[in-house]
Structure formats: structure tokens, C-alpha cells
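Okay, so here's the structure we're looking at.
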Amino acid sequence: MRLATWGIVLGVLSVPATAQRVQVQGGSLEGTHVQSAATPVDAFLGIPYATPPLGALRWQPPRAAAAWAGVRKVDRFGARCMQQPLFADMKFRSPGISEDCLTLNIWSPAGAKPGARLPVLFYVHGGGAIAGDGSELRYDGAAMAAQGIVVVTINYRLGAFGFLATNALAAASPTHSAGNYGLLDQAAALAWVRSNVAAFGGDPARITIGGESAGSMSVSVLMTSPLTRTQFAGAIGESGGVMPPTFRPKALVQATRDGDAFTSAAGAPSLAALRAMPAETLLAAQGAQRFRADFIVDGQFLTEAPIDTYAAGRAARVPLLVGANSQEGSWTGILRDQPPTLANYRAGIARLYTDAEALFTLYPAKSDADVPVAATALASDAFLGASTWKWFDLHRRTHQPTYYYYFAHARPAALPPLTNPDVPPIGAVHSAEIEYALGNLDTNPAYAWTADDRRISAVFQGYFTAFIKTGNPNATGLPKWSPAPSGEGVIPRQIVDVKTRSAPFVEQARYEAAVPMLERRVP
């Protein structure tokens, strides 16, 4: 029965029917007509937006895709970028991994014609910039396309393939920059969409960029890069921003020093040898050395730290919808799997942070019974909650419409063959909101979705749909969601749960105090 359910999901979203043709820069594309549960949708899968970054093009900025003769069929996802199988919740439809991976996917309302001027969602996948791709079931664009939106998901170079910086690479670059190739891929994909989305019925002047986790962090820097910050009309960030206390981009000098150490350990004596290294060998070295895909102030994509761009009011002047989940991290990360007692909680904070007593005051527990909730709040803020808040707080002060959500609904227990965690979740775990927000509960039959889940998804998807269309998440039938004021005073946030509602952002003062403390970690 479970296998049959998966087959139904995959079949509904990917069985070709009547072909749809469009003309883009480079040639003619033939997509496929798919039938979603709501309304018919056209899909164009695996469209190349850049030349494959192979050989001498490895660790080069992306170059435009070559034109083709005749009609190119785009009815299958392209390969995902080089990565290791790290996250069990990623359900791919791509055929495998390859360096030839710079493709994007488009879903549009069936028969949408050039000139329809439909709003566009340009979505960047998560995965820590080391895994993931645009074919994942939870990102499927059919449900949003059925709402009258052109949806785009993209692939971009990951891990060492997308974020390695070395002194040799910087010296060979005309701009003396290195790293951030994955971000440059995102910029190239966005440029391709702006140039070609009208052929699919989309409006290049109404593009909303969005993403979750590493995709959300990408959105936060796309809003600051001089290459991209004027290229879209709105932005959505789900759990993550390149902001303190957790994320600051590396300086180029540090990134190249780290990259040189990586390549030396990988056994590559020169840039030529590194480019000649088989992709599988490089991927194995990435895993062995636990390569971290850091964003870099490279002088090209990023000219300064994003926090400085936002503070100075130089970031994109667009509406922003941003938020985090109630359990971005687990209390077990603070207590290191020790029993949740007050003594162990205090010891865990002291082991991690120099301001242990002050942090305990901000995240208090009066008894052992309070520890899981308090430690979960601390772990969640330290991982993504506080950096997402910092992004929100800086952007709202620029007098742009800024909306903050707090996704608090714990999804149902997993069904076999999946196993449930030994420690039950206290709230909505990291990434749990994706299927709700994009209307994709049915693409994930691993959970026994309830009527409450479907009602929450209808509301959350409704907010996303309205925001993509108008820059304002409010629409008829949805609980009212007020934007944050630009000054001091009561700041509202939207709690998305069984009873979705607006409530004061009571953690504002806690975040203001906690951000500098969470940066001061014990060496």
C-alpha cells in the first residue's frame, strides 16, 4: 500500500502527456503537460541555463548555455550537482549526480502564453550548500502553478565544487575573486529567468525569490549582492539568513588559506591538477575533510558582509516574508545526549558559551521538567532562529514591508518504513514547513496527514501565494497578518498553527540580548 502511494505521487507529477512548446534564447523547448490534483500544469524540466562547468570551466563563473538546433525535449529532470547522500528527507527525481548539473525546472499554468504576465516564484533549494536539488518532491511546483504562478526551481554547484577558494583561483580570476561559484550560478539562473520567463507566461518584473535553509541564506545574500539585488520584486526566507550569531561570510584571505589547505590535503599540487581530478575523487576528499561550503566576501558577488549592507540600507528595497520554525534545533544538541536535568543544562551551556550564566537567564528553566523546552529554544536560536530574526530586524528598519512568521505545528508521526526519532519533537522541526507552504503535503506520503495539516497548508500556501502575487500575504479568507513596524514598539508576528493568529513578537528583546552572546562560543 505504501509503495502504491509513492507510485501515485510520482505518476501524477511526472507522467508526460500533451507536449507544450516555447521559444527561449537558445532554441525551442518541448515540455510536458501534467495533471495535478487541482488544475492542469505544464512542466519544463532540466532546462540548461549555463554551460556545463567541466574541465577548465570547473571553478569558473558560469557561462551562457550554448544554443541548440531543432526542438529540445525538457521532460526529465537533469542530474543533481555533485554531492554525498547526507539527508534522508531528500527525495530526488533526478537521475544521479554529475558536474553537468546547471539546469532549472519550470511549472506554469497549462497553456500560459507569452504576455500573460503571471507572477513568478524563483526557489532555491536547501541542504547546507552541500546537498539537495530542484527535483526534490517537496519543492514540486505544480501546486503553486495551479494558483496562477510560474514556479522555477534551480540547481547550483555545491560543496567544494561550488565554494572552494584558493590563492591560485584568485590569481587567475580577472576580478581577483574566488569561491561563491554556487552563488554565481544562482545569479546566472535568475538572469536566465528574467530573460526567458515571459515565454512561459511569466512577468520578469514580478519575480519573487525564495528558499529554505541554505536556500533562505542564499536569498539573504541575493538581496545584498550588487549582481542581483535589483533583479526581483520580493523575497521569501524560510529558516536562515547570513547573519550573526551563526553565519558570517568568510573574508577572501581566510577562504583562500583554508582552500589551499584543502587542496594540499587532497593531493593536488596545482590548479591544473585540481581541475583534472576526477569528480568522484574530489567529492571523496570533500567528505573526508568535512569541507564547509562558506559564503565569501569575494569582491565580486559579495563586496561586504550582508549585515553591513542591510544596516546601511543598501539591500534590495523589496517586500520580505521571512520566518523560522519552533524547533530548528534540539535540546540534545545542548545537553550532548545527557539526561535533561538542570545541572546538565547549565553544564551544557557553559561548555558551549562564555556567557553561560547570562544565557541561562535568557533561556531559563526552573526545574528538570522545564529543561527540554528551554534548551530547545536555545538550540533553535543558536542554529537558525536568531540569524533569521537579525535579517528580519534589519530589513524592517528600512521601511520595506516585512512580515515574520513562526511555524509552530509539529507534523504527524512518520509512517513505516520510516522510523520516528528517539526524542519526540517539541515543535516544528527544521524544514517541516516546506510541504505546507508550497502545498505539497501529497508529495510526501511518509506522514499520515490530518485534516488539521491540510487546513494549515491551505492557510500557509495562501499566504505565500498572495505575497508572490502582490507583495502582501493577506487575502480574503486568511487570518490577518500585519507587517512589522520600522521603529520600536509592539512587533507582530504570525504564528502558523492549527489556530493561525497574529501575536506580539515577545522574543524581540531576547534576541537583541542573545545575538552577541551566541557568537561568543568557547574555543
Using the Karplus curve 6.51 cos²θ - 1.76 cosθ + 1.60 with θ = phi - 60°, what ³J(HN,Hα) values do you get for each residue of the range 326-336, in whole Hz, with x for Gly and Pro?
6, 9, 6, x, 9, 4, 5, x, 7, 8, 6
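Given N residues in the range 323-384, what is its alpha carbon radius of gyration divided by 2.2 N^0.38 Å?
Values: Rg = 10.4 Å, N = 62, 2.2 N^0.38 = 10.6 Å.
Taking N as the residue count of the range 323-384, the ratio is 0.99.
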Binning every alpha carbon pair distance of the range 420-523 at 10 Å from zero, what are the percents per bin?
12, 33, 32, 19, 4, 0
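Considering only DSSP beta bridges whose two residues both sit in the range 98-159, what percent are antiparallel, to the nearest 5?
50 percent
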Using a Förster distance of 60 Å, the FRET efficiency for residue 343-residue 205 (Cβ separation, nearest 0.05)
0.55
On full extension of the chain, what length is gained from residue 264 through residue 357, given 0.36 nm per residue of separation minus the C-alpha to C-alpha distance?
29.3 nm
Taking +1 at the Cβ of each Lys and Arg and -1 at the Cβ of each Asp and Glu, which of 145, 94, 105 sits farthest along the dipole of the range 65-149 towards its positive end, judged by Cα position relative to the Cα centre?
145
Sort the range 204-247 into rounded, prolate or oblate with this rule: let a ≥ b ≥ c be the square roots of the eigenvalues of the Cα gyration tensor; rounded if a/c is under 1.5, and if a/c is not under 1.5, prolate when a/b is larger than b/c, oblate otherwise.
oblate
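Using DSSP, restrict attention to beta bridges with both residues in the chain and report what percent are antiparallel, rounded to the nearest 5.
Numbers: 25 of 61 bridges.
So the antiparallel bridges in the chain amount to around 40 percent.
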Tell me the volume per residue, in Å³, of the convex hull enclosing the alpha carbons of the range 445-499.
109 Å³
For the range 121-225, place one equal point scatterer on every Cα, skip the solvent, and apply the Debye formula. What is log10 of I(q)/I(0) at q = 0.15, 0.18, 0.24 Å⁻¹?
-0.65, -0.89, -1.33
Only Cα pairs under 8 Å and at least 6 apart count here; give the relative contact order of the range 11-125 as a rounded whole percent.
27 percent
Three principal axis lengths of the chain [C-alpha, angstrom, descending]:
71, 60, 49
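Please work out whether the range 340-432 counts as rounded, prolate or oblate from its C-alpha gyration tensor, where a ≥ b ≥ c are the square roots of the eigenvalues and a/c under 1.5 means rounded, while otherwise a/b larger than b/c means prolate and anything else oblate?
On the way: a/c = 2.53, a/b = 1.10, b/c = 2.30.
Verdict is oblate for the range 340-432.
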Can you give me the Cα centroid spacing of the range 45-110 and the range 210-229 in angstrom?
20 Å
Once the in-chain neighbours fewer than 8 apart are removed, the lysines whose Cα is under 24 Å from residue 499 read 480
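What shape does the range 186-300 have by the C-alpha gyration tensor, where a ≥ b ≥ c are the square roots of the eigenvalues, rounded means a/c under 1.5, and otherwise prolate means a/b greater than b/c and oblate the rest?
Numbers: a/c = 2.46, a/b = 1.77, b/c = 1.39.
Since a/c reaches 1.5 and a/b is larger than b/c, the shape of the range 186-300 is classed as prolate.
From Cα pairs below 8 angstrom and at least 6 apart in sequence, can you work out the relative contact order of the chain, rounded to a whole percent?
Values: 1161 pairs, mean separation 69.8, N = 523.
In percent, rounded to a whole number, it is 13.
Over the range 478-523, what is the relative contact order in percent, taking alpha-carbon pairs closer than 8 angstrom and at least six residues apart? Spell out each step's value before the answer.
Details: 36 pairs, mean separation 12.5, N = 46.
Over the range 478-523, the number comes to 27 percent.
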Starting from the Cα of residue 113, draw a straight line to each of the lysines and keep only those under 23 Å, dropping any in the same chain fewer than 8 residues away.
73, 469
Chymotrypsin sites (Phe, Trp or Tyr not before Pro) lying in DSSP loop within the range 29-132, provided at most 13 other Cβ fall within 10 Å:
68
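Computed from the coordinates by the stated procedures, all read-outs in this text should not be read as laboratory data. None of these values were measured; they are calculated from a predicted model. Note that we place each Cβ from the backbone using ideal geometry, even for glycine, and neighbour counts take in every protein chain shown.
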